[in-house]
Structure formats: structure tokens, C-alpha cells
Amino acid sequence: MIILETRDLKYTYPDGTVAIQDLNIEIKKGKKVAFVGQNGSGKSTLFLLLNGTLKPAEGDVFFHGVPFKYDSKSLREIRKSIGIVFQNSDDQIFAPTVYQDVAFGPANLGYSKERVDTCVQQALEQVGLSRLKDKPPHHLSGGQKKRVAIAGIMAMEPEVIILDEPLSNLDPVGADEIMDLLNEFNQFGSTIIISTHDVDLAYRWSDYVFLLSNSKIIGQGTPAEVFKDFDLLKKTGLRQPTTLEIYHEIERRGLASGGNSPKTIPDLVNTLKPIDLIWVDVPPGIKEGDSLNLGIMYGQYATQSPYEAVNATVLHIHPDGRAIVELKRKGIKAGGVLIYDTDNYSLPEVKQILKEGEIVFVGAMGKKSKILAEHDGIRLDVSSGVIDKTILTALCGKRCLILTAGGMVDHALKRIKEYVETSGIEFTVGVVNREEDYQWIGETKDSPETFEV
Ligand SMILES: Nc1ncnc2c1ncn2[C@@H]1O[C@H](COP(=O)(O)OP(=O)(O)OP(=O)(O)O)[C@@H](O)[C@H]1O
């Protein structure tokens, strides 16, 4: 279903600058969409047109198929449904306390005092700022201000959230947290639209990408479609995403299987071809013909099983101390991922799972789960980029637990099951405390035996 659409949109600033022209786009409900383009390509102007802050010189914007009207009542409705978070949080935050700032939007929509309070409490909890509600926003860090701005929009419960450069001025962990938050909103059904210069982010995160250049859309499609088009990227002055660039280099050297578009490190690792002879550094004292334990390899290296211990025979030692070795493999079992739904949280149960499930790696997704873990002293090994890091850990034979809630439970389950299915690497995955969703993958009778490495 199309939620937002533009037809022949044009916008000219009063000084004559044409910032948007011939713009025809369709945005589907519930999707994560990225607009990518260089400075001055027109992203911010387009976003202001998409929530009615600017009125087009020509053309129309449609919400659920209905063209925008620009009287104050219609605009209020549009801004309630389509929230925008500005690039610079200081342009958005002005009230004396965090609470009052977040309350501004819902109060302006004429909500009752009780409803405003509920919306604000909920939004502050979602972005993890309940504790700072009485602080003046200008005393907060850049990342915290960004969250206040996001909470202010969330409190109006919009269907579409537009964020202009959501990660500008954030450190890597703060950036991951904001993206996790946006994924969470998306799981609850919001359509999320961002602008960014960051091709890695657009490639990894979005369902659909628009490339903007000189006020026009010059390319669009899934991230895999858009970012494999070198000519298009060149025209837009953008580079390829790093994961894709590394993949193409190893593919060109015959080390990865062709025709893939890996988005994440687990996906990239999974494209590697099996190899039998490799160069390695050998410790002093090793002679030709000796055996070496090289550790563990997985993915397509495996010949008999999804995951294997690798021993090697030293064939030839070069005078510089490096040696050519022939790999000998032994199948062992991969680890597993358990997902715990914190909507049905019980600390004794989590403790029992950690102990009896022999869990060695714990991650939490979503503010609620992180706060629960912190409050109850559950040590977290990872709190951002959780799904990928957990998959990589499970591939190394370890048992992992993800604490999360709501739509994120299904999101994590789906992503990990997809990985299991496309990679052919079998490890266990399931929701542990939600009977109807309890599933295991890869627990077959003929699962490979476990060997000591
Ligand atoms: N208030 C304004 N008056 C005149 N021209 C403007 C105004 N705001 C933006 N422009 C111009 O409109 C064009 C598009 O600007 P816009 O801010 O939409 O681009 P952008 O893609 O968001 O850039 P950035 O990535 O730097 O934020 C640019 O040429 C810019 O100089």
C-alpha cells in the first residue's frame, strides 16, 4: 500500500534556487526508506515538502492517496501523521525541560492532559530518557538531544517518521542505538524515511533507496539494485558500500562465489569459497609434514558439516617463515541463539536459561530490555548491532541469548532464520518463552557429532 506519493513536484526558493523538480516518488507503508544524495541535492527541501512545512510551486503530495491541502486544519492533521526530526536537534528543542519539550506536540494536537502525559511517558521510555525528564534539554549531549527530538515526534504517534540525517554528530554506539530505535518503531508499524550521505547505512538498513542529485531523483530501487550500479553512483558522487566493495575485491580474486550482495559481515563471510591450500605463519620449530591446529572455519568452507575444526599438514616452509598447509577438516556443531521475549519477563527464568542453556553471550535489543538487564544485573556482551554480532558468535559454536520485546522478537527470529536458510549453516534458533513461536532449526537426528578441536 502506498502511504506517501509525489507527482511532478517542484519547489523554488524565493531567491530563485530550484531545489526540487520533476519529482515523482511512491513510498510504501511500513517500509524503511533512505534518500541518499550529496550536499545541496535537495533532501531537506523534499522532507519539508513531505510534511507540508513547504508548499510546492507545482505538483502535489499525496498521503494515503489524498492530496495535501494547506489550510491550517489540514496541515495539523498532516503533521500529526507525518512527523519530522530535523538534522540539528537545536532547531527542534526549545522547552525548559525534556518533559515539556516532548509534551509540546501532543498538547498542540489538543489531546487531554491525561493523554498527553501517557504519550510523553511512553515516548520517553521508548527512547530511554525517562530519568532525564526534568532536565533542561540544552544540558544534554548531542545523542540525548536527538532522542528528545525523536521522542517529541513519537509522542504524537505518527504513521510516518521522517529523519533528516539522523546520525549526524553521533558517536558510533549512539548511532547504532538510534538505528535500533528506528528499527523498533518500524517493527511497530511506522514507516521510516531518512536522508543520509552514508552509503553503508543506506545499503545495510533500508528496504528501498532513492538517489537524489541536483534536485532530481536519478535512481531508485532496493539497496542491492541501486548500489551495484557503478555508473549511477558515479553520477551521484557516491561510493560503493564498504561490504560490497570488499566482496567485489575477494570475488575478483576467485575467493568468493559470484552474484551475491552481502549486506552484513555474516553475509559477507558466507560468500567465501572453500579452499584447501593456504599460506600461514608457522611457529618456530615446526617442520614440513607436521600437523598444525588452525582453529575453526565455517560457512562454505565446510565439506561435511556447517561448522568445523581445521587441522592442517605443513607441506612446505618458505625461508621467510611462512608455510603452505593443506587443510584437514572435522565437523563439529555450531552454537545456537535463544530469543527471550521480555514482555513475559521473569528474572529467575532468565537466570535459569543462562545457567542451564550454557549461555556464554547475551545481547539486548530495545530500550525496555536494556533497562531490565541493567536493573537486574544481567551482564550484556552486546547492546548494539545485536543480531549480526550474535549470529557471528553462534557460528563460532557458542550459545547466545537475545533479550528483546514486542515486534523485535519476530524481527530477530526472522533475520536469524533467514540467515540459517540462506547460508545452509545449521544452528539452533528459537523464542524460549513464547510457546506458540518456539522453533528449532537444525536439530536433526543426523546432526554432526561434536568433536574436540
Ligand atoms: N532557504 C533557502 N533559500 C535559498 N536556497 C536554499 C534555501 N535552503 C536550501 N536552499 C538551496 O536549495 C538546494 C537544496 O538544499 P537542501 O538543503 O534541500 O539540500 P540537502 O540535500 O538537504 O543538503 P545537505 O545534505 O547539505 O543537508 C541547495 O542548492 C541549497 O543551497
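Highest average first, the peptides 415-423, 231-239, 248-256 ordered by how many other beta carbon atoms sit within 10 Å of their residues are 415-423, 231-239, 248-256. Placing a label point 7 Å from the Cα of D22 along the Cα-to-Cβ direction, the residues of region 205-221 whose backbone N falls under 17 Å from that point are 211-220. Ligands, DNA and RNA excluded, the heavy atoms of H197 present near 80 Å² of accessible surface to a 1.4 Å solvent probe.
Let a ≥ b ≥ c be the square roots of the eigenvalues of the Cα gyration tensor of region 106-210; is it rounded (a/c under 1.5), or, if not, prolate (a/b larger than b/c) or oblate? Oblate.
The residues of region 3-111 present an accessible area of 48 Å² per residue when probed at 1.4 Å with all protein chains retained. Placing pseudo-labels 7 Å out from each Cα toward the beta carbon at D117 and N88 gives an inter-label distance of 3.7 nm. When the solvent-accessible area of region 86-175 is split by element, carbon and sulfur atoms take up 51 percent of it, the probe being 1.4 Å. Positive-end ranking of T390, V280, L167 along the dipole of the chain, with charges on Cβ about the Cα centre, is headed by L167. Positive-end ranking of G254, I27, L50 along the dipole of the chain, with charges on Cβ about the Cα centre, is headed by L50. Cross-link reach is defined here as a Cα-Cα straight distance under 13 Å, omitting same-chain residues fewer than 8 places apart; for K29 the aspartates and glutamates meeting it are E5, E159, D207. Think of each Lys and Arg Cβ as +1 and each Asp and Glu Cβ as -1; about the Cα centre, that makes the dipole of the chain roughly 660 debye.
Using the 1.4 Å probe convention, the accessible area of region 163-216 works out to 33 Å² per residue with neighbouring protein chains retained. Across q = 0.06, 0.09 Å⁻¹, the chain modelled as identical point scatterers on its alpha-carbon atoms has Debye log10 I(q)/I(0) values of -0.33, -0.70, in the order of the q list. Short to long, the 10 Å bins of the Cα pair-distance histogram for region 367-411 hold 24, 56, 20 percent of all pairs.
Sequence gap at least 6, Cα distance under 8 Å: using those rules, report the relative contact order of the chain to the nearest whole percent.
13 percent
Under the criterion of Cα pairs below 8 Å and six or more residues apart, the relative contact order for region 2-238 equals 27 percent.
Quick one: helix 242-252 against the long Cα principal axis of the chain, what's the angle to the nearest 10°, folded into 0 to 90? Approximately 40 degrees, to the nearest ten.
Working note: Karplus 6.51/-1.76/1.60 with θ = phi - 60° gives region 378-393 the couplings 7, 6, 9, 7, 8, 9, 8, x, 4, 5, 5, 5, 5, 4, 4, 6 Hz, where Gly and Pro are set to x. With axes computed from alpha carbons, what is the tilt in degrees of helix 142-154 against the longest principal axis of the chain, rounded to the nearest 10 within 0 to 90? Computed tilt is about 60 degrees.
Of A334, V432, F68, which is farthest on the positive side of the dipole of the chain, counting Cα position, with +1 on Lys and Arg Cβ, -1 on Asp and Glu Cβ, and the Cα centre as origin? Checking the options against the dipole of the chain, the answer is F68.
Pairs over the 32 Å Cα-Cα cut-off, from the set K368/K417; K10/K146; K80/K263: K80/K263. Once C-alpha pairs closer than 8 Å and six or more residues apart are averaged by separation and normalised to the residue number of region 336-437, the relative contact order reads 44 percent.
So what is the calculated 222 nm ellipticity per residue for the chain, using -39500 (n - 2.57) for each DSSP H run with n of 4 or more, over all residues, to the nearest 500 deg cm²/dmol? Taken over the chain, the calculation gives -10000 deg cm²/dmol. For region 90-155, the convex hull spanned by the alpha carbon atoms encloses 70 Å³ per residue. The label point for K135 and the one for Y345, both projected 7 Å from the Cα toward the Cβ, are 2.1 nm apart. In terms of overall dimensions, region 336-437 has a Cα radius of gyration and Dmax of 12.3, 38 angstrom. Between the beta carbons of I286 and R253, assuming R0 = 22 Å, the FRET efficiency works out to 0.20 to the nearest 0.05.
The values are calculated or read from the model by the stated rules, or taken from the named source; none is laboratory data. Please read these numbers as outputs of a predicted model, since none were measured by experiment. Here the Cβ is made from the backbone with ideal geometry for all residues, glycine too, and neighbour counts use every protein chain on show. These accessible areas exclude ligands, DNA and RNA; they are computed on the full protein's heavy atoms, side chains included. Shrake-Rupley method; radii C 1.70, N 1.55, O 1.52, S 1.80 Å.
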